[in-house]
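The values are calculated or read from the model by the stated rules, or taken from the named source; none is laboratory data. Just so you know, these numbers come straight off a predicted model, no measurement behind them. Glycine also receives a Cβ, built like all others from the backbone with ideal geometry; neighbour counts cover every protein chain displayed. Remember, those area values only see protein heavy atoms, side chains included, never the ligands or the DNA or RNA. Shrake-Rupley method; radii C 1.70, N 1.55, O 1.52, S 1.80 Å.
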Amino acid sequence: MPGLYIGSTSGYSGKNMIVMGLGLYFQKAGISLGYMKPVGAIPVEVDGCLGDEDAFFIQEVLGVSNPAKVVTPVVVTHDFKVQAFNGRCEDHVEPIVQAYEKISAGKDLTLVAGSGSMNSGKYCGVDGIHLVKTLGIKCVVIDRFQKELNYDYLVVLKETLGDSMIGVILNDIPPTFMDEITSLIKPFLERKGVKVLGVIPKDSLMGTIKVCDLAEHLGGKIISAHNKKEQPVESFLIGTMQVENFMTHFRKHRNSAVIVGGDRSDVQLVALEGECPCLVLTGNLYPNDIILTRSEILGTPIIVVRDDTFSVAKKMEDILSRHKLREPAKIKHGADLVESHIDFAYIKKELDLKY
C-alpha cells in the first residue's frame with residue numbers, strides 16, 4: 001500500500017498543519033488512512049506509554065488509533081541522545097519498518113510524519129532521507145519562508161531522492177514575496193525537476209497565539225483584563241525607544257503586543273490607548289494604578305514577567321514561530337488552507353490512488 005512521508009527543510013515548517021490537512025482531505029475522499037511519526041522529538045507519557053506529543057494529538061484529530069510504541073517506535077529523550085553520541089546506538093530502523101508494516105496493513109494510504117528537517121536523526125540513522133528510501137515510499141517536502149526559501153536544499157533533496165520526492169510545498173509565504181515565487185522561484189525549481197505542489201500564503205490566524213498561552217510560555221502572570229485573555233497576538237514591538245518614536249512605529253503595527261519595562265508608564269499608556277492586544281511588562285515591575293485602571297477599562301491584558309526586555313523579546317520571537325497548532329478553529333482553518341492551495345490531483349496520481 002502507498003505511503004507518503006511529509007518532511008521539511010527545517011524544524012517548525014508547518015508539518016503538523018500539512019499532515020492534518022492532507023489526512024482530513026483524503027479521509028473526506030473515502031481513503032482509509034494510516035498515520036505514524038517514526039521519530040518523536042517531544043517525549044510525553046500518556047496512560048503509562050511513552051510517545052510523541054504531536055503524534056498523540058494528530059491521531060486524535062484524524063480519528064485513528066494505534067499503540068504509542070507502534071506509532072512512534074523511536075522517541076528521542078536525553079538518555080537516547082547520550083547513548084547515541086557514545087556510540088551505543090541500536091538499530092532503530094528495523095522497528096520503524098515493522099511498525100510501518102503494521103499500520104499500513106489494509107490501508108489505502110499511510111501518512112508518515114517527519115521530525116525536524118530531512119537530515120534530522122542522521123546521527124542515529126533515522127533521518128528522513130534514509131527512512132524514505134528504506135520504506136520505499138514517496139515524500140513531499142515543506143519549505144517555510146523564513147527571510148528566504150531553501151531552494152538549494154530543495155534541489156539537492158530532489159537529486160538525492162529522485163522519483164521518491166513527489167514535490168515541495170512552499171509555506172507561510174508573505175504577500176510581498178508572491179510575485180518572486182511566481183516569476184522566479186517556481187519556474188527555477190520546476191526546471192530542476194522539483195514540482196511545486198502548492199504555495200500556502202502567510203495567514204494571520206495561523207500565526208497567532210492567545211494572550212493566556214503567551215503568558216504561560218513566558219512564565220508570566222496576567223494581572224488585569226482577565227476577561228480578554230483569549231485575545232490573539234500576531235506579533236510584538238519593543239517599547240524601549242523615546243515615546244515620540246514609539247508612537248510613529250506603533251501606528252504601523254497595531255496588532256502587536258508591546259514589550260516594555262514595568263517602569264515605562266509613558267510607553268505603556270500610548271500602547272494601551274493605541275489598542276494593542278496586550279502589554280508585557282518586564283523586570284517583574286508592576287504598573288501604577290493609572291495604567292491598571294486604563295487596562296481594565298480598555299480591555300487590554302497586562303502580563304508581568306521576571307525577565308529583562310531583551311530576553312523576553314527573544315522568547316517571543318521563538319514562541320510566535322513555534323507555538324502549537326491545537327485550537328479547533330486553527331485546525332479547521334489550516335485544513336482549509338491546505339485543501340485550497342495544494343495540487344491533490346497530482347499527489348493522488350503520483351501515489352496511484354484511484355479515488
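What the table below lists for this structure:
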| item | result |
| --- | --- |
| Solvent exposure, largest accessible area first (probe 1.4 Å, DNA, RNA and ligands not counted), of 344, 310, 57, 236 | 310, 236, 57, 344 |
| Solvent-accessible area of residue 314 with every protein chain in place, 1.4 Å probe, in Å² to the nearest 10 | 120 Å² |
| Whole-Hz couplings from phi, Karplus 6.51/-1.76/1.60, listed for the range 221-230; x for Gly and Pro | 9, 7, 10, 7, 6, 4, 6, 10, 5, 8 |
| For the range 80-238: rounded, prolate or oblate by the Cα gyration tensor [a/c cutoff 1.5] | oblate |
| Per-residue ³J(HN,Hα) for the range 191-200, Karplus 6.51 cos²θ - 1.76 cosθ + 1.60, θ = phi - 60°, Hz, x for Gly and Pro | 5, 8, x, 9, 6, 8, 7, x, 10, 9 |
| Rounded accessible area per residue of the range 49-199, 1.4 Å, Å² | 47 Å² |
| Heavy-atom accessible area per residue - the range 283-355, 1.4 Å, Å² | 55 Å² |
| Reduced Cα scattering model of the range 17-93, Debye log10 I(q)/I(0), q = 0.22 Å⁻¹ | -0.97 |
| Residue 88 accessible area, 1.4 Å probe, all protein chains in place, Å² to nearest 10 | 140 Å² |
| Length added when fully stretched, residue 345-residue 163, from 0.36 nm per residue minus Cα-Cα | 63.8 nm |
| Portion, in percent, of the accessible area of the chain that falls on carbon or sulfur, probe 1.4 Å | 51 percent |
| Heavy atoms of residue 292: accessible area, 1.4 Å probe, square angstrom to 10 | 50 Å² |
| Cross-link pairs 195/349; 221/315; 102/195; 37/158 - those with Cα-Cα distance over 20 Å | 102/195; 37/158 |
| Using a Förster distance of 51 Å, the FRET efficiency for residue 190-residue 85 (Cβ separation, nearest 0.05) | 0.80 |
| Scaled radius of gyration (Cα, divided by 2.2 N^0.38 Å) that the range 143-229 gives | 1.55 |
| Largest to smallest accessible area among 205, 218 [probe 1.4 Å] | 205, 218 |
| Reachable lysines from residue 354, criterion Cα separation under 18 angstrom, eight or more residues apart if same chain | 28, 107, 138 |
| Cα-based shape type of the range 11-58, given that a ≥ b ≥ c are square roots of the gyration tensor eigenvalues and the cut on a/c is 1.5 | oblate |
| Unit Cα scatterers, Debye sum, the chain: log10 I(q)/I(0) for q = 0.07, 0.13 Å⁻¹ | -0.36, -1.03 |
| Volume per residue that the Cα convex hull of the range 38-151 spans, once the total is divided by residue count, Å³ | 134 Å³ |
| Residue-by-residue Karplus 3J(HN,Hα) for the range 67-82, coefficients 6.51, -1.76, 1.60, Hz, glycine and proline x | x, 3, 5, 7, 5, 10, x, 10, 10, 7, 9, 4, 4, 4, 5, 4 |
| Helix-derived mean residue ellipticity, 222 nm - over the chain, DSSP H n ≥ 4, -39500 (n - 2.57), to 500 | -12000 deg cm²/dmol |
| Accessible-area order (highest first, 1.4 angstrom probe) of the listed residues 208, 160 | 160, 208 |
| Dimensionless Rg ratio for the range 264-325, taking C-alpha atoms and the 2.2 N^0.38 Å reference | 1.18 |
